1. Filter the range 89-118 for residues that are buried (at least 24 other Cβ atoms within 10 Å of the Cβ), touching a strand residue (DSSP E or B) at 6+ places or on another chain (Cβ under 6 Å) and within 15 Å of residue 235 (Cα to Cα) and give the result.
2. Test each condition in (1) more than 24 Å from residue 122 (Cβ to Cβ); (2) out of contact with any strand residue (DSSP E or B) (no Cβ under 6 Å at 6 or more places or on another chain); (3) surrounded by 18 or more Cβ atoms within 10 Å (Cβ to Cβ) for residue 29 and report the one that comes out false.
3. Looking at residue 126, is it at pLDDT below 95, closer than 30 Å to residue 331 by Cα and over 17 Å from the mean Cα position of the chain (by Cα)?
4. Out of all the residues in the range 152-184, which are in contact with a helix residue (DSSP H, G or I) (Cβ under 6 Å, 6 or more places away or on another chain) and more than 19 Å from residue 362 (Cβ to Cβ)?
5. Report yes if some residue within the range 359-370 is free of Cβ contacts under 8 Å to residues at least 40 places away in the same chain, surrounded by fewer than 21 Cβ atoms within 10 Å (Cβ to Cβ) and assigned to a loop (DSSP other than H, G, I, E, B); otherwise report no.
6. In the range 1-41, how many are outside any helix (DSSP H, G or I) and touching a residue at least 24 places away in the same chain (Cβ under 8 Å)?
7. Is it the case that some residue within the range 107-119 is in a loop (DSSP other than H, G, I, E, B) and under 30 Å from residue 253 (Cα atoms)?
8. What tally of residues in the range 136-188 results from selecting those that are more than 26 Å from the chain's Cα centre (by Cα), part of a strand (DSSP E or B) and on the phi > 0 side of the Ramachandran plot?
């Protein structure tokens, strides 16, 4: 499938962009932060979101939703990323709605999904218990008691937890922390006896909470999915959330890039526009290519989720990891190219840097997701190199490019130098022709045209590409 939006998806993007850019620019987030808004988002805007059908985007039509797919949810998340709009869309309309739709029984779906669709119910997933995202390390205990369970433990970084009307809590009904078997998801009322909630405003001025459960009683009807078999359901729901966060980071990165390029075109230094300096042009061009490759990886992941959530884990891992590193690079370049004022709170670029840092950690950072990537049997190169530190981006790039991708060609300002063979030379990290070495062997990779003529199954301006890797002795 070509990595381009359909006409319907483009219309959805334009509709979301019009509402979000008009009602929730970055100044909207700044105002909420400065005024210490107790909710952390605009309820009025959320109701407008629901009226336009965005709140029920992933809710089946039979429950009052639009019944659209994860690609469409990613389109909206990308627009949210452009303005840093604080919204329950991710926690409620993407993650919680997906959990209920995939794991809920008929009664649970009928009770909660219509309310999510009309915007009257806010729900969130409570999964992490430590400083890092480690789902299998869940230790919150669920002990059988009568016709139900008693839950005891704590959760951290519960997105929108202080305003949620429903918690979806991951607990351990059997086994020990680190084991897949024994995980169960529960629907918990935040107002139930024994639930304590502490709002924690994150560095990016978005909402999160810590929750503590002290012998909270839930009945058997509150189990989402099957007892002790919640790991598979949780994996799918988390991958859906990761794909959505990756899309948000693509929108964030592109907005930072556009703002930075505009600044380069207007800022003068030494009597010249700083955009005329070749070093800055090169940095901007490399960032643009990085964003486009990440956009392709994210669209591929969302398409994979639409096709089969259970088989999308590798694509999602690549997309989330690449989106995190790309967003980090985008905001760092943005701050540096803006100079000293890029470090000030009065300038909006700092808000993007803070949000990028939170999104990088949310549902797993790049290190977590590179570790998730399966090593192909025919890939001695991937086995040879550990996915960490400075090799991480190279590892991710090769993992992404091992499978043929339909990408738009790098035209005009996107182009890099083309060799006599017609190959587009990219490094595995910065997309330059520089190889990397290990011991006595040197490795390099390049994007090469799969076919010089466009494929009949693709748009006329697209070219199918795959990656090739070569190894040779150094010296």
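The values are calculated or read from the model by the stated rules, or taken from the named source; none is laboratory data. Keep in mind the model is a prediction, meaning the values are calculated, not measured. No Cβ is skipped: glycine too gets one built from the backbone with ideal geometry, and neighbour counts run over all protein chains shown.
1. Across the range 89-118, the qualifying residues are 95, 96, 99.
2. Tallying (1) more than 24 Å from residue 122 (Cβ to Cβ); (2) out of contact with any strand residue (DSSP E or B) (no Cβ under 6 Å at 6 or more places or on another chain); (3) surrounded by 18 or more Cβ atoms within 10 Å (Cβ to Cβ), residue 29 fails exactly one: (1).
3. Working: at pLDDT below 95: no; closer than 30 Å to residue 331 by Cα: yes; over 17 Å from the mean Cα position of the chain (by Cα): yes.
No.
4. Within the range 152-184, 177, 178, 180, 183, 184 qualify.
5. So far as the range 359-370 goes, no, none of its residues is free of Cβ contacts under 8 Å to residues at least 40 places away in the same chain, surrounded by fewer than 21 Cβ atoms within 10 Å (Cβ to Cβ) and assigned to a loop (DSSP other than H, G, I, E, B).
6. Just the residues of the range 1-41 that are outside any helix (DSSP H, G or I), to begin with: 1-6, 24-25, 35-41.
Applying the additional criterion that residues be touching a residue at least 24 places away in the same chain (Cβ under 8 Å) yields 1-5, 24-25, 39-41.
Going through the range 1-41 one residue at a time, the tally reaches 10.
7. The first filter runs over the range 107-119 and keeps only residues in a loop (DSSP other than H, G, I, E, B), leaving 118-119.
Restricting the remaining residues to those that are under 30 Å from residue 253 (Cα atoms) gives 119.
Yes - at least one qualifying residue is present in the range 107-119.
8. Summing the residues that are more than 26 Å from the chain's Cα centre (by Cα), part of a strand (DSSP E or B) and on the phi > 0 side of the Ramachandran plot in the range 136-188 gives 1.
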